[in-house]
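Laboratory data are not the source of any read-out in this text; all were calculated from the coordinates shown. Just so we're clear, the structure is a prediction, and the values are computed from it rather than from any experiment. Neighbour counts are summed over all protein chains in view; Cβ atoms, including those assigned to glycine, are modelled from backbone coordinates with ideal geometry.
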Amino acid sequence: MLFLVLLATLGILILVYDKYKLRYWDRRGVKSVHGVPFFGHWLPVVLATKFAGVVYTEMYRLFNKERYFGVYEFHRPVLVLRDTKLIQDVLVKNFSHFSDHPNWIFDDRTFLRYSVLRLNGNFWRAVRYKFTPTFTGNMMDSAFKRLLKSAPIDVNEGVLETREIINKYAADAIASYFATTIVNKNEFQKTMRKMFDMPVLRYMEVLIVEHFPKLAKILGAQFVRSDDSIVFEEIMRELTRGPSEFRKLMLEIMNEGLIEMKAKDFDATGEGGNVFKYVATEELMLGQVAQFIAGGLDTTGNTMAFIAYDLAKHPEAQKAARLQIQTVLAKHGGQWSYDAVKELTYLQNVIYESTRLHPVLPFLFRDVTKDYTLDDGLILRRGDKIVIPSIALQMDPDYYPEPEKFKPERWEEIREARNNFTWLPFGDGPRQCLGMRFAFMEMKFAFAKILLDYDLSLGEEQEDPPKLHPRTFLTQIDGPLLINYKKL
């Protein structure tokens, strides 16, 4: 009897604690909807009936009169922003209060722990500052010349599984950036698929890594399994052997032995003295390679798959892009160059529009690093998590009339949307994607080459719209992408 009483008491205490945790935003005066015990609003994510971007979008539309609202990822309270002024404050104007990324799937036991995506604080500032020169105009021009020679887009006439073609091209593009080749390309792609295309148990393991890091260490749960880590590390070392600008910079940093940053490097009011310095280890260098690989293959590959789908659905967009491609190429004497690719403004608009409709990273997140008071008096405390639901903003009819329609031409009229914080596939502010320029270059070049020679349409067996993968942290197509390529 005593055991039953104790058990009942324990159950009541757990329920009281759970209710207390899931009333956090009520106590703070923030609008929210009470979540499911223990899971908060994350039960559909756990069950893989919805991915996180859909959950945030539904809540965004529910609170359409609010500037922000509260969500619960399990017991963790998250403040979701709707107001673009607040988003600008977080990403740019008051960045020093929101400079860190929360713990995500890249836990401290993987080679990605030293990537600029995972690093925070002054360590992140120093590394970001040091590696920004790898994407200057001159670097991009050199990278394009290598891309032109060593990254063919392997397309023939007929119905082709396009995701596979795109992934091979993306792998070649990564290798060309590092001025080398990936010898075991098939093993590389297989490893990357295992990292981001998850069966049920693997998906649950990664959820534990993201939301319960202490439990993950006890259970030995990891984002990257040890056998995959070995393959990935071999490829990283292989890439850094090429005579690229990245390798040159990496060796310079390693020879210096330290990554240093002065106040004047990031703050015009700084006094110029060394404010922090870090040892330049090989692990730190490889962490930047790892992020470039993860972003360049999976993120870019998924983005290109959606672009291919949108083009195949819209022959008028293909014709407009093709006409400009032919004009630009003729202007440059039939020779491809980085300058020629930059002039492909219609393809640029196609990318803007496709990434608006299908942002691969459907939301941005930040941790509050210093207490911050909003203009309405709400105090954000250090450690609070902020989410910016880019997928919802980009489908908001207040910003994009007829948001569900693919209209590249809209970007001729609303190009300023790139500066008003309603288009965020690559982020914004100091933590914007470092490889954005390279990604645009490789994507524009690939589709320019394809559209010059082929007309695209969806294969008869292709699901339309394509089903999205339910067990993923990115927006990606579930299954093959069948596109019919007709020779012009």
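Would you order Thr300, Thr191, Thr181, Thr9 from fewest to most other beta-carbon atoms within 10 Å of each residue's own beta-carbon? Each step should come with its number before you reach the end.
Details: Thr300 24, Thr191 21, Thr181 14, Thr9 10.
Going from least to most buried by this count: Thr9, Thr181, Thr191, Thr300.
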Would you mind checking the tilt of helix 282-294 against the longest principal axis of the Cα atoms of the chain, expressed as 0 to 90 degrees and rounded to 10? 70 degrees
Hey, rough spin-label estimate for Ile14 and Asp26, points 7 angstrom out along Cα→Cβ, what's it come to in nanometres? 2.1 nm
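Quick one: which of 328-339, 53-64, 128-139 comes out on top by average Cβ neighbours within 10 Å, and what's the full order, highest first?
Values: 328-339: 13.2, 53-64: 17.9, 128-139: 15.8.
Result, highest mean Cβ count within 10 Å first: 53-64, 128-139, 328-339.
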Between the stretch 167-221 and the stretch 11-83, what's the alpha-carbon centroid distance in Å? 29 Å
Going by how many other beta carbons lie within 10 Å of each one, how would you line up Tyr17, Tyr24, fewest first? Tyr17, Tyr24
Local charge sum around Glu404 (other residues, Cβ-Cβ under 13 Å, Lys/Arg +1, Asp/Glu -1)? +1
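Output the pairs from Lys407/Lys444; Lys407/Lys486; Lys21/Lys217; Lys50/Lys130; Lys319/Lys342 with a Cα-Cα distance over 28 Å in this structure; if there are none, say none.
Values: Lys407/Lys444 17 Å; Lys407/Lys486 23 Å; Lys21/Lys217 24 Å; Lys50/Lys130 39 Å; Lys319/Lys342 19 Å.
Exceeds cut-off: Lys50/Lys130.
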Note down the relative contact order for the chain as a percent, whole number, built from C-alpha pairs under 8 angstrom at least six residues apart. 22 percent
Can you give the net charge of the other residues whose Cβ lies under 13 Å from the Cβ of Ala280, counting K and R as +1 and D and E as -1? -3
Percent relative contact order of the stretch 351-488, based on C-alpha pairs within less than 8 angstrom and at least six residues apart? 23 percent
Treat the count of other C-beta atoms within 10 Å as a stand-in for reagent exposure and order Val5, Val159 from fewest to most. Val5, Val159
Part-to-part distance (alpha-carbon centres) for the stretch 305-353 and the stretch 368-435, which is given in Å: 26 Å
Which angle from 0 to 90°, rounded to the nearest 10, does the C-alpha axis of helix 300-313 make with the longest principal axis of the chain? 70 degrees
Surrounding charge for Asp453, neighbours by C-beta under 12 angstrom, Lys/Arg +1, Asp/Glu -1, total +2
Specify the angular offset, from 0 to 90 degrees and rounded to the nearest 10, of the alpha carbon long axis of helix 436-453 from the longest principal axis of the alpha carbons in the chain. 50 degrees
